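Engineer: This structure is in structure tokens; I'll ask about it shortly.
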Amino acid sequence: MVGRSHVGKKNRAKVQLAALSLVIVLLLALVVGTDVRLNQVGAGVKVVRVGVIGSSDDQIWKAVQAELDRRGEHIRIELKPFQDAIYVNQATANREVDFNAAQHYAYLEDDVKTNHYQLAVLGNTYISPMNLYSQRYAKPSQFQDGDRVAIPNNATNMGRALKVLADAKLIGLRDPKATNPLPEDVVDNPKHLRIEQVDPAGILNLLPDYAGGVTNANFVVDAGRSVHDAIHEVPYDLQNPANKPYINIIVTTKDQRNNPTYAAVVRAYHSKPVADTIVRVYKGACLPAFTVS
């Protein structure tokens with residue numbers, strides 16, 4: 001009995017020693033891992049994940065980061081690109097990103113109404129043109145009877161595209177002042193254009209098969225082209241209330257609208273270096289839609 005008890009004590013001691021060793025290893029791994037993260041991010045640095053569309057705004061966000069650094073803000077921007085604003089708002093609502101810069105007021109209003117997201121606007125970014133492009137014609141008046149025209153397949157950009165076609169005198173709308181007209185609001189189509197809804201990111205690639213297409217500037221820039229390649233450009237003025245629905249914005253969840261870190265990012269965005277970068281990157285085709293601070 002004494003021998004077995006002594007052996008049992010030895011076994012227990014071995015088990016306890018093994019357990020203690022495991023705890024020490026795990027603690028060391030945690031400390032090392034923390035040190036690695038601190039070395040990568042920097043002690044006290046807050047990482048802000050930003051949902052964006054494509055890569056056309058990368059230089060703008062680099063300018064925002066530079067301004068944050070200049071102001072001594074311990075904030076690091078991490079961009080998470082998406083192909084469509086539908087997924088960006090979903091990711092924001094699910095807190096996969098902290099906020100997004102991927103849409104205008106009209107799109108947000110429609111998406112919130114459809115999906116009941118609890119989202120809020122942190123600030124304006126810029127107003128981006130939506131124009132008419134073609135590889136077949138040099139001006140809208142050259143369109144032929146029955147030509148196919150591609151427009152975005154999401155509600156707000158579809159409505160805006162119809163207004164572009166109306167501005168180009170290709171169609172007439174029931175209410176020219178409506179923010180989001182629908183295809184059934186087309187009351188005049190003298191050339192019997194076949195207006196087809198497709199993915200806006202692919203419209204430029206579809207131009208060989210279409211007489212023309214209306215799409216957003218960011219997709220044009222992503223494709224390495226100039227927005228001035230358009231055969232019809234819609235004039236825009238920030239003082240015109242009709243343009244407000246198309247001002248791009250920074251969006252987060254409602255419970256984070258007063259987050260001081262996010263507010264610091266918006267202040268950095270609303271700076272002269274960033275405004276200058278927007279003009280340079282888009283070659284004057286996009287206007288900063290904020291007052292420089």
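The values are calculated or read from the model by the stated rules, or taken from the named source; none is laboratory data. Because the structure is a prediction, the values reported are computed rather than measured. Using ideal geometry, Cβ is built from the backbone for each residue, glycine included, and neighbour counts are taken over all protein chains shown. The area values use the complete protein model at the heavy-atom level, side chains included, leaving out ligands, DNA and RNA. Shrake-Rupley method; radii C 1.70, N 1.55, O 1.52, S 1.80 Å.
Engineer: How about the range 245-261: which of its residues are open to solvent by 20 Å² or more (accessible area, probe 1.4 Å), assigned to a helix (DSSP H, G or I) and under 30 Å from Ala285 (Cβ atoms)?
Structural biologist: Scanning the range 245-261 gives a single hit, Pro245.
Results for (1) over 23 Å from Cys286 (Cβ atoms); (2) touching a Leu at 6+ places or on another chain (Cβ under 6 Å); (3) surrounded by 17 or more Cβ atoms within 10 Å (Cβ to Cβ), shown as yes or no for each residue.
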{"position": "Gly54", "(1), (2), (3)": "no, no, yes"}
{"position": "Ala63", "(1), (2), (3)": "no, no, yes"}
{"position": "Ala66", "(1), (2), (3)": "no, no, no"}
{"position": "Ile75", "(1), (2), (3)": "yes, yes, yes"}
{"position": "Phe82", "(1), (2), (3)": "no, no, yes"}
{"position": "Asn89", "(1), (2), (3)": "no, no, yes"}
{"position": "Gln103", "(1), (2), (3)": "no, no, yes"}
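Engineer: Select from the range 220-244 the residues that are surrounded by fewer than 16 Cβ atoms within 10 Å (Cβ to Cβ) and among the acidic types (Asp, Glu) and write down the one among them that is nearest to Leu132 (Cα to Cα).
Structural biologist: Among residues in the range 220-244 that are surrounded by fewer than 16 Cβ atoms within 10 Å (Cβ to Cβ) and among the acidic types (Asp, Glu), the one nearest to Leu132 (Cα to Cα) is Asp229.
Engineer: Given (1) assigned to a helix (DSSP H, G or I); (2) open to solvent by 10 Å² or more (accessible area, probe 1.4 Å), where does Val164 come up short, assuming only one miss?
Structural biologist: Among (1) assigned to a helix (DSSP H, G or I); (2) open to solvent by 10 Å² or more (accessible area, probe 1.4 Å), the lone unmet condition for Val164 is (2).
Engineer: Could you list, in sequence order, the residues of the range 108-123 that are open to solvent by 20 Å² or more (accessible area, probe 1.4 Å), out of contact with any Phe, Trp or Tyr (no Cβ under 7 Å at 6 or more places or on another chain) and not charged (D, E, K, R)?
Structural biologist: Val112, Thr114, Asn115, His116, Tyr117, Gln118, Val121
Engineer: Related question: Do we have Gln16 as open to solvent by 70 Å² or more (accessible area, probe 1.4 Å), modelled with pLDDT of 95 or more and either of a type outside the set (Asp, Glu) or part of a helix (DSSP H, G or I) (or both) here?
Structural biologist: no
Engineer: Here is a further query. Quick one: in the range 168-194, which of the residues that are open to solvent by 50 Å² or more (accessible area, probe 1.4 Å) and among the aliphatic types (A, V, I, L, M) is nearest to the chain's Cα centre (by Cα)?
Structural biologist: Filtering the range 168-194 for residues that are open to solvent by 50 Å² or more (accessible area, probe 1.4 Å) and among the aliphatic types (A, V, I, L, M), the one nearest to the chain's Cα centre (by Cα) comes out as Leu182.
Engineer: Criterion first (closer than 17 Å to Ile249 by Cα and free of Cβ contacts under 8 Å to residues at least 60 places away in the same chain) does Asp110 satisfy it?
Structural biologist: no
Engineer: Taking into account only those residues within the range 279-293 that are in contact with a helix residue (DSSP H, G or I) (Cβ under 6 Å, 6 or more places away or on another chain) and of a type in the set (A, V, I, L, M), which is modelled with the lowest pLDDT?
Structural biologist: Per the criteria, the residue is Ala285.
Engineer: Pick out the one residue from Arg37, Arg95 that is open to solvent by 40 Å² or more (accessible area, probe 1.4 Å), outside any strand (DSSP E or B), farther than 25 Å from Phe219 by Cβ and modelled with pLDDT under 90.
Structural biologist: That would be Arg37, the only listed residue that is open to solvent by 40 Å² or more (accessible area, probe 1.4 Å), outside any strand (DSSP E or B), farther than 25 Å from Phe219 by Cβ and modelled with pLDDT under 90.
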